[in-house]
Amino acid sequence: MVTSSPPTIDIEALGLDEGALLLVRKALLQLAPGAVLGVTGRAPGWSSHLLAWCRSQGHGFELEERPDGRLMAWVRRSDQAEGRWLGAQSTGRAVLGQEQPWPAEQAQASWGLAARGAKVEAGSPPMGFALNRRDELWAATAGELYRQAAAAQWDPEAAIDWQAPFELPDAVETAVVQVMTYLIENENAALLVPARHLGQIHPHYREVMQLLALQCADEARHVEVFTRRATLKGREPGLSTAGGQTSLRTLFEASDFSQATFLLSVLGEGTFVNLLNFLHAHAPDPVTRQIARLTARDEARHVAFGMAHLEHRLSVQPDYQIRLRNAMEQRYDELSTSAGLNEEVFDALVLLAAGSLTPEAVRHGHQAVQTLKQEMAGGRKARLSRLGFERSEAQRLSDMHTRNFM
């Protein structure tokens, strides 16, 4: 018989199947293992229900009839303080601070889909995620980039004045349509490559998972606006070449996340930022200009993540630079017989910069495209140098980048 005065609770007429267990559990959590809690109530069968629950949780149970005829159940909290949570796994900390600047080095399959920082019950089914090592996908700025991306999402219907009045010469409108057609297929690749890896990321690295999800959303939005501009004047999209498709296919063949990020984000999308800025500067109409400005902002954020990730990986695995070099050289070899940027896209860019088909205007437009290509090469070289490649090597690798830009 319990002779001390332990804490008690009265669940009154509330049945255990109506929520009374919540009150019992909360009260027990306030006690140390081995301490006793008194429970009384008057719902039909409450004591037998409580007994069954205590047995399932490993808690002690003793029933006493009081002088007033009411029953008092004495529940002794199990020495296995967590009951069913005995053997539960810790998944680290949700809040990353100075003591823990990054998530766990490796996420366990047994953590499944649990939130980082949660306690995972023993026996939870394991879930295999191929990208379960921090250094294979992490970026120190991933959380901040995700917050920026979330704040920067834009609605194509509201952000772009699709009703803006303009009429272009037939040749110029054709050039816009061809460039938009080219952008669509490249953005299809830029959406599907990260989407391929997204489903393999362990949710423990939620910042990267969330950021890539928004990156996919960015690319889906880009495909929409490029398509709407291509067809804005009632035309069908233009030409898609075998060379362009071959170039983009090689991005899908990079199965390693870091190598795919290197080829797509650091090199391809980095080059595309230059191209979109070129379109903004030479856009022949307000809709194209608005589209170029908004999409360039998104692409710059994708490049920022790619650089941050590779800087992190190279900081912990310096010899990984060899694998990046090999990935670029392999892609170059595979594309050595392809045509590269098709002449239709090149001519379209020249015409957009020229504004008309007069010889002097075309000379100006051609020079503008040559300047664009120099800026693309310079940007690639600068990013490669930032990743630790020697100057001459950075120049060599930049020169090897696909002539299809992406």
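Seen from a random direction on average, the alpha-carbon convex hull of the stretch 1-130 projects onto 10.5 square nanometres. Here the spin labels are modelled as points 7 Å beyond Cα on the Cα-Cβ line, and at Ala35 and Gln148 they lie 4.9 nm apart. Subtracting the Cα-Cα distance of Ser315 and Ala158 from their residue separation scaled by 0.36 nm leaves 52.3 nm.
The modelled label-to-label distance between Val95 and Ala195, using points 7 Å beyond Cα along the C-beta direction, is 3.8 nm.
Using only Cα atoms, tell me the angle between helix 270-282 and the longest principal axis of the chain; keep it within 0 to 90° and round to the nearest 10. Taking the Cα atoms of the chain, the angle to 270-282 is about 60 degrees. Over the stretch 111-167, the fraction of Cα-Cα pairs per 10 Å bin, rounded to whole percents and listed from the shortest bin up, is 16, 26, 24, 17, 10, 6, 1. The simple spin-label model puts a point 7 Å past each Cα toward its Cβ; for Ile322 and Lys26 those points are separated by 6.1 nm.
Residues of the stretch 114-139 with amide nitrogen under 16 Å from the 7 Å Cα-to-Cβ point of Glu105? Correct set: 132-138.
Take the Kirkwood radius over Cα pairs of the stretch 302-403, plug it into Stokes-Einstein at 4 °C and 1.567 mPa s, and you get 83 µm²/s for translational diffusion.
Once the Cα-Cα distance is subtracted from the 0.36 nm per residue extended length, the Lys233 to Leu86 segment shows a gain of 46.3 nm. With viscosity 1.306 mPa s and temperature 10 °C, the Kirkwood radius over alpha carbon pairs of the stretch 295-359 converts through Stokes-Einstein to a diffusion coefficient of 102 µm²/s.
Each semi-axis of the equivalent ellipsoid for the stretch 239-379 is √(5λ) with λ an eigenvalue of the Cα gyration tensor; in descending order they amount to 31, 18, 13 Å. Structural size metrics of the stretch 8-79, computed from C-alpha coordinates, are Rg and Dmax of 11.1, 32 Å. The calculated Kirkwood hydrodynamic radius for the stretch 141-228 is 14.9 Å, given to one decimal from all distinct C-alpha pairs. Using only side-chain charges placed at the Cβ, +1 for Lys and Arg and -1 for Asp and Glu, the dipole size of the stretch 134-400 relative to its Cα centre rounds to 560 debye. Once backbone amide H atoms are built at 1.01 Å from N, Leu63 has Trp74 as its partners under 5 Å, excluding neighbours fewer than 5 places away on the same chain.
When Rg and the Kirkwood Rh are both derived from Cα coordinates, the Rg/Rh ratio for the chain amounts to 1.22.
Once every DSSP H run of n ≥ 4 in the chain is given -39500 (n - 2.57) and the sum is divided by its residues, what mean residue ellipticity at 222 nm do you get, rounded to the nearest 500 deg cm²/dmol?
Taking each H run of at least 4 residues, the total per residue is -17500 deg cm²/dmol.
Here, each number is a calculation from the coordinates, and none is a lab measurement. No experiment lies behind these values; they were computed from the predicted model shown. Every residue, glycine as well, gets a Cβ built from its backbone with ideal geometry; the counts of neighbours run over all protein chains shown.
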